[in-house]
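See below for the structure under consideration.
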């Protein structure tokens, strides 16, 4: 199997693009085992080398030791998230433990660590360039932070913990996908479609038709179906049904994640304790800009104090609006999106559906490319001679339009399907950096779950979907424009409370007329978005800023509660969550719903004890965008500074030092509050 395994052969596609059409599920396990075998040989050669340990024969050699393994596992886990049939999902139960075992073998290898330690202890006399010193320091810290200084018995405990955790993350994610796919709300009475936009109704009919149910309408928990229904349906009982289904996924149902949550929290706590930390949050934050949980809590509470009074007032506005129609009824969580939309229409003479005709997906994507051209001189050319893993996926070749320098490959995957997890993300099939001494450019992908085209209309995005596309495109630019020597320091391999700066800053442009004029054109007439509509959009852009802020803070505080609380004091998932959300609760709690059991960011997505990062990075992006607004939205001098000091540097320097080189100072903490109108 390994001799003809496409995962192990050099690709003949341009820039060795992945030959997806040749890869079958049965190729992964043999390729993984063979690549681990090769990596072990490479690491053994480092240990057997009789020469004095130095940067090249130890640190750099280790950096290059597992290239094939990284290649194989990257393809597998990207497909696991974006195109996972049941066979591929089931394979994670074998692949994840094998990888965890190998990683433990490396990180807990005392002989290898002694060589790394020796190089690290003599770093002062090595006169290493910045990036080499950063790689050396990172390598040493990674080994220490993951158990290299532990006793033999404690290393075995750590190994067992990591092995068990390797199974739980994929299980958590798999359960969410299954629970999301299982729910179906069938509508047979046309009156139950009251309030829904015409194009959305058509998409529900298509969803039903695809299930063989002509003449009916199907609503699911996938976001392009769930969100518009909650926003526009006049049928409160159906909104309630949908709300309860969405917010009770994996909580007491056949895909229950409660036990998985409790296990993961206990294991992460035990792991942190074993490594000398009070809890998992302390372990995580040691390698973050925020540094301590006290600083994170103070940061979140500062934002909460600035936003909660406004948020309560905004909820009261919704309550008043509902009582004008239903005098004896309270406002419920399933009313929020619906009455928010009605209130926005009243306050601004503006319905968010008015925007949709101007946001044809193809135009928005081209708009993102045009922003990359105006800011950084990039060009994106669609190509058809590389394979993709699904017909929805498109591939582009990226160049610097001024120098014709090749930048990398870029893939887009925009529509939901049952084999794909919800949400949106950016990822790499190949990171930028040196591979066995040869510099390679990245292969990057953004994955979203957008409104699909219908028989009468193209894919027309909501404003939130436009914002999502630009957000993920910002991550992609961070990866594509990386210019590091070592791939483990390149692109988005930065502190997690810094990684959202390149993505979130891109969201700012789409609220500006100068930016919207580039791509917001009516899908039928090709006319640009009218100035008065843009003005309404801009005026309403901070609508319910208090509510939105408190919502994000609730997730951050819930995350911290899970990873700062001693698991011995946690009686149940529901109890901890209810207590953690008290400070941010704006409406009465609903029995039977739960955030934690489908909170994939912190249990399966790498954001454990780090969800605060979104708000932390918002301070950075608000401050950074003020610089662009001051000098000009597409000012090439400011863009050059951002590219040179933020987008190209990866983790080669401390993020605060990079930010200061871009901005000339540290970020202004009040920039976010100014932007949101909260000061």
Output row, site residue 122, 7 Å Cα→C-beta label point, backbone N cut-off 13 Å, window segment 22-56, residues 50-56
Please give the Cα centre distance for segment 465-483 versus segment 16-44, rounded to the nearest Å.
28 Å
What is the angle, in °, between the Cα long axis of helix 361-376 and the longest principal axis of the Cα atoms in the chain? Nearest 10 is fine, range 0 to 90.
50 degrees
Over the chain: helical MRE at 222 nm, DSSP H runs n ≥ 4 each giving -39500 (n - 2.57), nearest 500
-17000 deg cm²/dmol
In whole angstrom, largest first, the equivalent ellipsoid semi-axes that the Cα gyration tensor gives for the chain are 40, 29, 27
At 7 Å along the Cα-to-beta-carbon direction for both residue 425 and residue 666, put a label point, then send me their distance in nm to one decimal.
3.3 nm
Modelling each spin label as a point 7 Å along the Cα-to-Cβ direction, I'd like the residue 184/residue 531 distance in nm, to one decimal.
5.1 nm
Pairing the Cα long axis of helix 258-274 with the longest principal axis of the chain, what angle in degrees results, from 0 to 90 and rounded to the nearest 10?
40 degrees
Rank-order 361-370, 455-464 by packing density, defined as the average count of other C-beta atoms within 10 Å over each peptide's residues, highest first.
361-370, 455-464
Please compute the length gained on full extension between residue 259 and residue 42, using 0.36 nm multiplied by the number of residues separating them and subtracting their Cα-Cα distance.
74.2 nm
Measure nothing fancy, just the Cα-based angle from helix 130-145's long axis to the longest principal axis of the chain, in degrees from 0 to 90, nearest 10.
90 degrees
Can you tell me the order of 6-12, 166-172, 300-306 when each peptide is scored by its average per-residue count of other Cβ atoms within 10 angstrom, highest first?
166-172, 300-306, 6-12
Between residue 85 and residue 644, the two model label points (7 Å from Cα along the beta-carbon direction) sit apart by a distance in nm of 5.1 nm
Ranked from fewest to most other Cβ atoms within 10 Å of their own Cβ, 551, 159 fall in the order 551, 159
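Rule-based calculations on the coordinates, nothing more; no lab input. Because the structure is a prediction, the values reported are computed rather than measured. Note that we place each Cβ from the backbone using ideal geometry, even for glycine, and neighbour counts take in every protein chain shown.
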